[in-house]
Amino acid sequence: MNDSVNLTGLARQIVEAGLLDEKKTQDALQQAKRNQVSLVTWLVQNKLVQSRVLMELASLQFGLVYLDLNAVNPEFFPKELVSEKLAHQHRVLPLYQRVNKLYVAVSDPSSYQALRDLQFSTGMTIEQILVEDDKLGKAIDKLYESATDGLEGMDDAELDGLRLENTEATGPSQNDETDETPVVRFVNKMLLDAIKSGSSDLHFEPYEKVYRVRFRTDGILHEVARPPIQLRDRISARLKIMASMDISERRKPQDGRIKLKVTANKSIDFRVNTLPTLWGEKIVMRILDSSSLTLGIDALGYEDDQKQLYLDALAQPHGLILVTGPTGSGKTVSLYTGLSILNTEGVNISTVEDPVEINLEGVNQVSVNQKQGMDFTTALRAFLRQDPDVIMVGEIRDLETAEIAIKAAQTGHLVLSTLHTNSAAETLNRLRNMGVASFNLATSLSLIIAQRLARKLCSCKQAIDVPNELLLKEGFSPEQIGTFTLYEAKGCDNCHAGYKGRVGIYEVVKNTPELQRVIMADGNAIDISAQMRKDGFNSLRTSGLLKVVHGITSLAEVNRVTKD
């Protein structure tokens, strides 16, 4: 039985007016409920029905007058009577007050919970006036633009539970009870929200007329707050105090670090960088959460044969393992997963990084400090006099570092490092272009891992039909066609745009005798890649399509992260 027979009120009026059929109206109701918005808002935002047509229909249904918001002056709206949180939550706008009666603009008058909440909050009788939904949303944003955005409705216990563990700051005390307290609470809320949402980075960005905060979650940036532009300098000062920076210096970039105690047993590090821009200091914070290492190799997304190749290379007493990919592709986690496997009492491990991002007990970690003369090559030379078993170099950037790493791999040490290249074949070309001899590459290299991070589909994913011809064109094999269900992102309350979490996509290549011959013959990237395929090692694209076959991610996401 079709649920559309249960349509009532405005939804039924929409069907009877011929604006949408019953099925589309029922689907819109369900989607609006999932996204926690009103039916009117959903229809307008998805351009299913014009805002003005809906307003006129609702006016007839509920017997209410309607108003063109463009014809009234927002300067006199009594915004102090309705909190910003309530206005956004129920999509209402206070228009004017008459004695003990408050007139509010609404686009969906069927929300009786909104009426009750407003009446309880204001102690007044509430009268509704209909307005167009798209104009209402803009008016609410504009009215509360100068209010203390994001500083209300916070959980005091959570915010007050945050404590700085790092060092002395060059500025006022973190416990200074002044007019900066709302800013302190706002910053704490942003940090806490970023941790809870599993974000990797926070961006505090000043512009001419707005100040916005964005989180990078599952590799994608999205806006989470717009505090008042007047607070930009105070927010920047607070973050710089927390990161032990010089708050008086606004003309030069600065680097700092925050150690935040979120519970009695857990602290999280933030790497902080400031950058002077045209309209103020942009501040970017990278969240460094060592607890992610507890996931283990099985959670990273390797196919069984790829995982075994990595474990076999880690079990060798010497050789060079290279992990490659663009910034933000998960190279550090892959390296530290390998180090955590090797980290036993009988193994001496030393790492040099710029900077150290994850603390791992039992590993001797060195951070690059150019001012003090501690660079990658200096640290590597020192490591070789420290009786090492395993060496990890954060990144091979030049010939000198590459030659020392290769020499260590050839003289009985296991060396792990990274390069910023797009594929395994390009990695070999990059090293040769640096000046590394083909003979040294062929004899020292054990394994190359090229990788990307793809967003995982949430459980709300929905199946789609795609013609077989298109699947073949995308790279699926004839044997795969018809054996799996293709899914796409849908979206629900528990995910972000239909995705939740990320999984690795890998090209794992062992240095076989055949590949060694191609390297020694100075084969180009095409020759090297062809030999890798002959040896049976999947490309990044093929590995990504396997994740689609298994229903882990979508074809659209694989196309996004494996573009040539």
Taking the criterion of being farther than 30 Å from I341 by Cβ, of a type in the set (A, V, I, L, M, F, W, C) and surrounded by 15 or more Cβ atoms within 10 Å (Cβ to Cβ), would at least one residue in the range 437-445 satisfy it? no
Given the options D68, D21, name the one that is among the charged types (D, E, K, R), farther than 21 Å from Q113 by Cα and touching a residue at least 40 places away in the same chain (Cβ under 8 Å). D68
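Among the listed residues R430, R381, R397, identify the single one that is open to solvent by 10 Å² or more (accessible area, probe 1.4 Å), at pLDDT 90 or above and not hydrophobic (A, V, I, L, M, F, W, C).
Numbers: R381 fails: at pLDDT 90 or above; R397 fails: at pLDDT 90 or above.
So the residue among R430, R381, R397 that is open to solvent by 10 Å² or more (accessible area, probe 1.4 Å), at pLDDT 90 or above and not hydrophobic (A, V, I, L, M, F, W, C) is R430.
Could you check, for the range 190-199, whether at least one of its residues is of a type in the set (D, E) and open to solvent by less than 40 Å² (accessible area, probe 1.4 Å)?
no
Are any of the residues in the range 68-77 at pLDDT 85 or above and either touching a helix residue (DSSP H, G or I) at 6+ places or on another chain (Cβ under 9 Å) or farther than 23 Å from Q36 by Cα (or both)?
yes
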Here is a check on your reading of the model: is E56 open to solvent by 80 Å² or more (accessible area, probe 1.4 Å) and assigned to a helix (DSSP H, G or I)? no
Residues in the range 22-33: is at least one of a type in the set (D, E), within 28 Å of Y144 (Cα to Cα) and at pLDDT 80 or above? no
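Condition check ((1) touching a residue at least 12 places away in the same chain (Cβ under 8 Å); (2) more than 24 Å from K407 (Cα to Cα); (3) out of contact with any helix residue (DSSP H, G or I) (no Cβ under 8 Å at 6 or more places or on another chain); (4) part of a strand (DSSP E or B)) across all residues:
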| residue | (1), (2), (3), (4) |
| --- | --- |
| Y302 | yes, yes, no, no |
| V323 | yes, no, no, yes |
| P326 | yes, yes, yes, no |
| S334 | yes, no, yes, no |
| G338 | yes, no, no, no |
| V347 | yes, no, yes, no |
| S350 | yes, no, no, yes |
| L360 | yes, yes, no, no |
Considering the range 438-461 alone, what residues qualify as being of a type in the set (S, T, N, Q) and either assigned to a strand (DSSP E or B) or modelled with pLDDT under 90 (or both)? S446, Q451, S459
Can we say V49 is of a type in the set (V, I, T) and either open to solvent by less than 50 Å² (accessible area, probe 1.4 Å) or in a helix (DSSP H, G or I) (or both)? yes
Which residue pairs have Cβ atoms under 7 Å apart, sit 6 or more places apart or on different chains, and have a first residue in the range 428-451 that is without any contact (Cβ under 8 Å) to a residue 24 or more places away in the chain and more than 20 Å from D398 (Cβ to Cβ) and a second that is of a type outside the set (S, T, N, Q) and buried (at least 16 other Cβ atoms within 10 Å of the Cβ)? none
Long-range neighbours under 6 Å by Cβ, at least six apart or interchain, first residue farther than 10 Å from C460 by Cβ within the range 472-493, second open to solvent by less than 40 Å² (accessible area, probe 1.4 Å) and modelled with pLDDT under 90: L486/V466
Whether any residue in the range 492-508 is surrounded by 20 or more Cβ atoms within 10 Å (Cβ to Cβ), more than 18 Å from the chain's Cα centre (by Cα) and among the aliphatic types (A, V, I, L, M) is what I want to check. yes
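The values are calculated or read from the model by the stated rules, or taken from the named source; none is laboratory data. Small disclaimer: the values here were computed from a predicted structure and weren't measured. Using ideal geometry, Cβ is built from the backbone for each residue, glycine included, and neighbour counts are taken over all protein chains shown. Ligands, DNA and RNA are stripped out before the accessible areas are found, and what is left, the full protein with its side chains, is counted by its heavy atoms. Shrake-Rupley method; radii C 1.70, N 1.55, O 1.52, S 1.80 Å.
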